[in-house]
Structures are given as structure tokens and as C-alpha cells.
Amino acid sequence: MELDAELSALAAQEDLPADLVRRLLQRPGARRSVALMRQDLTDELIAEIIDLGSVRTLAANSSVPSRIRARFVEHPEPAVRCAVAASVRDEPLGLLARLAADPDPSVRSFLAMNEHLPAELLALLAADSEASVRSSVIQRWRDAPDDVRRMLLTDADPGIRSGSVRAFVPPADLLPGLLADPATRAAAVAHAVPTL
């Protein structure tokens, strides 16, 4: 076990000769480190990592060239698309929008957590049909605009309403309804002004 940890640490070191990096790919732990952390991967090493079955880990490496990461958006495995959705930038243009339309809600949830996601796509995901995606937006976008906050605070799903009350200060006009709602009452009390 210690050898695997040492090889994984070695694989992340800068300035390793390419032939040593290639040899490290034969050890699963070291291969994960190479795929996830190296910033100097050549096209040949990328192809070898993909052939060895570590495409999901490679998709999470933000240093992989955008032309390669763009291919991962079309990958048949949702886990690969999730890995790329979490950190990809909009290169080529429209890549983030394609991920926002992904048929798998887990991909859209990971995308909602991407720090490079523009406000218009976050707003689109805030209205997603899947509660898990809307929940990811609540966690990520604490400074959402008023119209998005209102939409989430009045969502049909009680879990979304409850999470929204914990994440956002509700507007005064929504507070009575949130206090009357069993799903949001406990969290809404924190925002109520006590009266004597």
C-alpha cells in the first residue's frame, strides 16, 4: 500500500521525464494522479490514459486542452460528463450550454457547481425540472438575483423551498407564507422580526 501512495505522489511531481510518466500509468493509483493533476500531458499520454480506462479522472483535470475536454461532453458515461461539467470553461463557445441541456440530471447538478458558469445558465438551471439540479444552484449561487430567489423560495418542492429559506434572506412579502408552510417554518423563523 505504501508503494502505491509513493508512486501516486511521484506521479504528481513536476518535471518528470515523459518515459517515467508513461511507466507510472501502469499503476492504477499513479495513473489517477497523472490523469488528474499533471499539467503537461501530451496528446500521446492523454490517449494512453483514455485507453487504460481513466477517462473520468482525466475529464476532471482542468489542464487538459479544451479541444480534448470538449470531446468529453459527448462521452456516453454520465460520470465522465459530470467530471468535465464541474470545471470546464466555455471553450469552445457553447460548451457550457450543451452541458446545461444534458439529459442526465447529475451532469446538470455538477455543472451548477462550476465556478465558470455565467449567471444566465445558472438562472436556467434554477428552473430545471429536477429538484437535485435546483438544489445545486441554491448551494452554489448565494447571491442569486431577486427573481431567481423568489422562484426558489416558492418552488413546488418542499425541499427546495426549505433549502432556499436557509440560503437566502426571504423578501418581506414572502415571509408570512414561508412561516405558514410546515416545510419552511423552522428556517423562516430566523428571518422573522419578533413582536411583543
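The values are calculated or read from the model by the stated rules, or taken from the named source; none is laboratory data. What you are looking at is a predicted structure, and each value in this text was computed from that prediction instead of being measured. Glycine also receives a Cβ, built like all others from the backbone with ideal geometry; neighbour counts cover every protein chain displayed. Remember, those area values only see protein heavy atoms, side chains included, never the ligands or the DNA or RNA. Shrake-Rupley method; radii C 1.70, N 1.55, O 1.52, S 1.80 Å.
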Legend entry - Residues of the stretch 172-196 satisfying the condition of being assigned to a loop (DSSP other than H, G, I, E, B) and among the charged types (D, E, K, R): 173, 181
Inset, instruction - Could you tell me whether the stretch 123-146 includes any residue that is within 15 Å of the chain's Cα centre (by Cα), under 22 Å from residue 39 (Cβ atoms) and free of Cβ contacts under 8 Å to residues at least 60 places away in the same chain? - result: no
Legend entry - Among (1) open to solvent by 10 Å² or more (accessible area, probe 1.4 Å); (2) closer than 25 Å to residue 46 by Cβ; (3) touching a Phe, Trp or Tyr at 6+ places or on another chain (Cβ under 8 Å) - the single one residue 70 does not satisfy: (3)
Legend entry - Filtered residue count, the stretch 6-19, keeping only those that are surrounded by 12 or more Cβ atoms within 10 Å (Cβ to Cβ) and not small (Gly, Ala, Ser): 5
Legend entry - Sole exception among (1) touching a helix residue (DSSP H, G or I) at 6+ places or on another chain (Cβ under 9 Å); (2) loosely packed, with under 14 Cβ neighbours inside 10 Å for residue 123, by number: (2)
Inset, instruction - Tell me, please, whether a residue that is out of contact with any His (no Cβ under 6 Å at 6 or more places or on another chain), of a type in the set (S, T, N, Q), at pLDDT below 90 and open to solvent by less than 60 Å² (accessible area, probe 1.4 Å) can be found in the stretch 83-100. - result: yes
Legend entry - Hits in the stretch 22-51 - residues which are in contact with a helix residue (DSSP H, G or I) (Cβ under 6 Å, 6 or more places away or on another chain) and either open to solvent by 50 Å² or more (accessible area, probe 1.4 Å) or more than 20 Å from residue 81 (Cα to Cα) (or both): 24, 25, 27, 29, 30, 32, 36
Inset, instruction - Kindly list, by first and then second residue, each pair from a residue in the stretch 78-98 that is in contact (Cβ under 8 Å) with a residue 24 or more places away in the chain to a residue that is of a type in the set (Lys, Arg) and part of a loop (DSSP other than H, G, I, E, B), limited to pairs with Cβ atoms under 8 Å and residues at least 6 apart or on different chains. - result: 95/89; 96/89
